[in-house]
Amino acid sequence: MQGIVLWITGLPGSGKSTIAAGIKKTYPEFIVLRMDEFRRIVTPKPIYSDTERDIVYRSLVYLAKILAEQGHSVIIDATGNLRKWRTLARKLIPGYGEIYLKCPIEVCMERERKRLKTHKAPKGIYKKGTLGWPVPGVSVPYEEPRNPELIIDTAIVPLQKSIKLIKKLITDNRYNY
């Protein structure tokens, strides 16, 4: 049986990891692929070039595809700032869906500033973006999804309601989960 793959996308600080953790609590059998952890293994000394990003994201999509083919359900917790990577996932994975966490960049920046050390994401992302580092929404584009299965404005929708919306998406007839 084919598993499903849900890509939670949005700007850094939009709530991807927090929501992915909430879904994992609801569905412990899901495998969460966190870009922040994945990148540490694939590119231990990242340079964040366009080529490197393309390789890392294409590898992440391939891993999600293989896991789904083995019957596992997967959450991709990754910004995926370019639409082409999410389009590739949609093309390769039959049970694919996108969840777009829409959030004003000012809110994301404030959340990132207050991020706890227990959080796996790197600190100071937006500050680095103002210094020229390639940061989605600051110095490189974030291409919003055109037709995501679900859009959640995480600046106004509370965490538990966001999880309920995703649970409804998962239990929808489309996924037969």
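The values are calculated or read from the model by the stated rules, or taken from the named source; none is laboratory data. Nothing here was measured: the structure is a model prediction, and the numbers come from that model. Backbone-built Cβ (ideal geometry, glycine too); neighbour counts: all protein chains shown.
Criterion first (within 21 Å of V74 (Cβ to Cβ), among the basic types (K, R) and either loosely packed, with under 15 Cβ neighbours inside 10 Å or at pLDDT 95 or above (or both)) does K168 satisfy it? When the stated conditions are applied, K168 passes them. Selection of strands (runs of 3 or more DSSP E) fully inside the stretch 1-111 by the criterion of at least 1 residues being aromatic (F, W, Y) and either over 21 Å from Y142 (Cβ atoms) or out of contact with any His (no Cβ under 8 Å at 6 or more places or on another chain) (or both) returns 5-10, 96-102. Scan the stretch 103-113 for residues that are farther than 26 Å from L150 by Cα and either modelled with pLDDT under 80 or among the aliphatic types (A, V, I, L, M) (or both) and the total you get is 0.
Screening the stretch 1-16 for residues that are within 29 Å of P158 (Cβ to Cβ) and either exposed (fewer than 15 other Cβ atoms within 10 Å of the Cβ) or of a type in the set (G, A, S) (or both) and picking the one that is modelled with the highest pLDDT gives G10. For G129, the criteria (1) surrounded by fewer than 15 Cβ atoms within 10 Å (Cβ to Cβ); (2) without any contact (Cβ under 8 Å) to a residue 24 or more places away in the chain; (3) farther than 20 Å from I19 by Cα hold in every case but one, which is (1).
Could you pull out the residue among I41, I66, I19 that is of a type in the set (V, I, T) and surrounded by 15 or more Cβ atoms within 10 Å (Cβ to Cβ)? Give the steps one after another, and end with the answer.
Values: I41 fails: surrounded by 15 or more Cβ atoms within 10 Å (Cβ to Cβ); I66 fails: surrounded by 15 or more Cβ atoms within 10 Å (Cβ to Cβ).
None of the others qualify; the one that does is I19.
Contact map, the stretch 31-57: first residue over 15 Å from W85 (Cβ atoms), second residue modelled with pLDDT of 90 or more and in a strand (DSSP E or B), Cβ cut-off under 7 Å, separation 6 or more or different chains; pairs are I31/V74; V32/I75; V32/D77; R34/D77.
Listed by first and then second residue, the pairs with beta-carbon distance under 7 Å, at least 6 apart or on different chains, first residue in the stretch 135-159 and over 16 Å from P104 (Cβ atoms), second among the polar types (S, T, N, Q), are V140/N81; P141/N81; E143/N81; P145/T9; L159/T18. Considering the stretch 44-63, the residues that are acidic (D, E) and surrounded by 13 or more Cβ atoms within 10 Å (Cβ to Cβ) include one that is farthest from L6 (Cα to Cα), namely E52.
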